[in-house]
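What follows draws every value from the coordinates through simple rules; no lab data is involved. These numbers were taken from a predicted model, which means no experiment stands behind them. Don't worry about glycine lacking a Cβ; one is built from the backbone with ideal geometry, like all the others, and counts go over all protein chains shown.
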Amino acid sequence: MSANLYSLPAHLRPRLLSIVVIVFLLALAGILLVLRYAQIDLARDVEGWQDKLNLIADSRAAAVEEWVNDHFSELKKLADNPSLQLYFTELTELSKDPEKSAADAVEPAQKTYLRNLLIFTADRMGFAPKNVPLSTQLPADVPYQAGAGIAVLDTAGHIVVSTPYLATLDDSVTERLRTLPAASTTLIDIYRNERGTVQMGFVVPVFPIQADASSPPIGRVVGIKAVDEPFYNLLRHPGITEKTLTAELLQREGDDVAFLSPLADGSAPLEKHLKADPNILAEALAVQRPGAFIEGKDYRNHSALMTGRTIDRTPWVLAVKIDRAEALAATQMRRQGMLLVLCLALSVVVAVIVAVWYVASSHRATTTSRYFQELAERVQAKETLLKLVTDNLPEIVFILDAEHCYRFANANAIYSTAMHAEDINGKFIGDVLGTARAQPTVEACNDALTYRAPQMRIRHLPRSGGEDEAVIKAVYVPIQHIPIAGLPHPTPGVLVVEQDITEVMREREQRINAHRDLIDTLITIVDRRDPHAANHSALVARLAHAVAVAMGLNQQLAETARIAGSLMNIGKVVVPEQVLTKIDRLSDQERRTIRDSMTASAELLKDVAFEGPVVQTLAQSQEHWDGTGKEGLKGEDILVTARIIAAVNAFVGMISPRSYRAAMTVDAATALLLERIDTEFDRKVVFALVDYIENHGGRAMLAARGAEKHLPA
C-alpha cells in the first residue's frame, strides 16, 4: 500500500490521505453512535422487562391472594354454619361437666353430622389427604398423606371432631394455636410436619349463634392442607416461554430469607435459607422493598432482573425474576448486528471511495459523474420544490400505507407529532399519535381503501391549555400505488389532508347568532304593534323546538321549527294597528285578516335564504290534518314542522289572555287539543307537546314565563 501511495503523483497523495482520515473518523463516529444507541436500546428493554415483570408479579400475587382468601372464606362459612354453632354451643355447655370431656359430650348423631360437614368441605377445598377423598374408605394398601384435614377445637385446644387422618395436630401447630388470640383469623405459615410433609394451616374462630361484637369465641375451625403442586402452579404465569423467568415465594425469618417454593436448582420448599443481605442477594432486597425493580445477583449468583409483591394476610413476598442474560439477549444480538452492519457499510464505503477515485482519474468517469450529478440535482430540485409547496400549506398532509405506517409527511404533520422527520417515516400511526387519537384516522383510511373512494370526516379535538376544541376537516384519498423504493410490488395507501376549520365554524356560528338577533329584533317590533300578543312568538318558538326534539327530528328541522315559530307573526306588520290593539271582540273579517297574516309572513320571507324549509313551514301552518285547511293539504303531505307550528300556536293562543277573553288553563288547552286530534292536528305532535308539558318541565317553564295564570299549586 505504501509503495502504491508513493508511486502516486505528489498532488494526489494529500487527497488520498484525506480520504483515509475521513473514512477512519466516520468509522469511529459510527462505532460511538452504535454503542450509544445500544445503550439507549438496553435501557429501553430493561424498562420493558420492568413493566412485564410488574404485570406478572401483580397477576401471580393476585392469584395467590385469591387462593388464600378462598380457603379462609370456606372455613368462615363452616364456622358460621348455624348447625355447627348450635352443636358446638351444646357440647361446650355439656363439657362444663368436669366428669365429661368435650368430645364425650357430643352425641354420636351430632358427631356424625359434624364430621360429614367437615369431610364435605375438606374434599371440596383440598384439605383431604393427597391420594384419596375423605368421603371414601381408604384401603390399607393405598399410601396417603397423613396430617391433612379439618378439625373443630374447643377453647382449650382439644379436638372435638375432625376429618379422618387428623386425629391429632402437630406440636408446632398446637404451639402456634396456643399463642394466637382466641378471636383471630390467622394463617399458619408453611412448615414441614413431623412426617416431612410441607403443609400450611388456616384458623377461623367459631362464635355462638346471635353473637354480638363482644361475644368471645366458643372454639376454632382449623384446616391443615398439603402445600403441593396445585399451590405452586399458581406461581407459574400462563404463556411464559422464557426458560429462566420464574416466581419464588419468600419469607423473612430472622436474619435469613427462607425460600418457600421449589427452586430451579432443585432445592425443595423450605430447604434453602440464605443470609438476608440486600447488598449481596437480590431476593433479600425484594423482601425488604416489595414493589421495587431490582437488578442484582440471585440465589444462584446469576445476574437477574427481579420485582416482588407482598401477599395479603400472609408474611410472604412473591418475587418474579429472569436471568439478565436471557432477558437482554435480543439487545446484545442487535448491538452485535449493528456493529457488523456498520463494518460492512464501512467496507462498502471504502470500496466505493476507491472505485470512484480510480474512475474519477479518467475523462469518462468525470463525464459520467457530471451527468449523474446534474440528474441528482434535477431530482433534488423537484423534491425540494415539492417539499417547499407541501411544507408551506396550512393543512396537515401525510400519506399512510396499507399498514397505516407513515410514508410522507409535510412540516405541519411532523410538527403535530412532536417528532423529528427522520423518526416518523415507516412508523405505525398509533405508535406516533397514540391509539385513541389515531383510531379515527385508521378507520377512515380503511373505509377509503375498502370503498376506493375519498372519505371526509369532521373531528373535534381538544386544544392544549384548556382552550376551546378545534374543528378539523379531514379528507382521505385512496392511492393505488405509493412509490416506495425497495418494495417488489405496488403498495396502496391513503393521502390524508387535515384542515383546521375552527375559524370557519366560528364565523358560521357568528352569522347564525346575528341571524337570530335579527329575528329577535323583528319579533320585538311586531310585539310592540300587538301588545295583547307580546312574547307570543317567542313562546311558540320555544315550545316548537322542544316538541321537534321530543319527536326525534334532526337538528335542522328542530331549528326550522324554532325559527318559523319566531317569525310566524312577522306578517302582522301589514295588519292595521287598530285591529291589533282593539279591545272588543274581533269581527269575522278582522279575525280573518289576523289569521291570514301568517300567510303574509311566508310571502314577506320568501326571498330570504334559510337553511331549512322555514318559508314552506309558515305557508302550510294553517293546514289541517284531515285536509280541511286553507290549501287542502292533509296528513303526511303537510311538513312536520308546519304541523308542529299549527298545534303549538293554537295551544299558546289558548293559554294566553286576549282583550275579549281570559286565558285558558294548561289542562283545558291540552284537553281541547286532544279533542282535535286527527281532524285539525297530528296526534304525534299533540302527544309530544303534552308529554313535554307534563313530564319534561314544560309546565314549570310556562309558569315561570307567566303564560299560565291558573296552574295548580
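Structural remarks
- About its Cα centre, the dipole of region 393-500 is roughly 240 debye, where the only charges are +1 on Lys and Arg Cβ and -1 on Asp and Glu Cβ.
- In this structure, the residue pairs whose Cα-Cα separation is over 20 Å, taken from LYS52/LYS321; LYS321/LYS427; LYS225/LYS321, are LYS321/LYS427; LYS225/LYS321.
- Relative exposure of HIS624, HIS404, HIS481, judged by other C-beta atoms within 10 Å (fewest first): HIS481, HIS404, HIS624
- Shape call, region 201-249: gyration tensor on alpha carbons, a/c limit 1.5: prolate
- Virtual spin-label span in nm between ALA43 and THR679, 7 Å along Cα→Cβ: 8.6 nm
- Burial order of peptide ranges 227-234, 454-461 (average beta-carbon count within 10 Å, highest first): 227-234, 454-461
- Most positive-pole-ward Cα, LEU305, PRO217, TYR191, against dipole of region 169-311 from beta carbon charges: PRO217
- Taking label points 7 Å from Cα along the Cα-to-Cβ direction, LYS275 and THR384 give a separation of 7.1 nm.
- Highest mean first, the peptides 50-58, 330-338 sorted by other C-beta atoms within 10 Å per residue fall in the order 50-58, 330-338.
- Calculated FRET efficiency, ALA700 to ALA330, Cβ-Cβ distance, R0 = 60 Å: about 0.30 to the nearest 0.05.
- Ordered by the count of other Cβ atoms within 10 Å of each Cβ, fewest first, THR560, THR450, THR491, THR179 give THR179, THR450, THR491, THR560.
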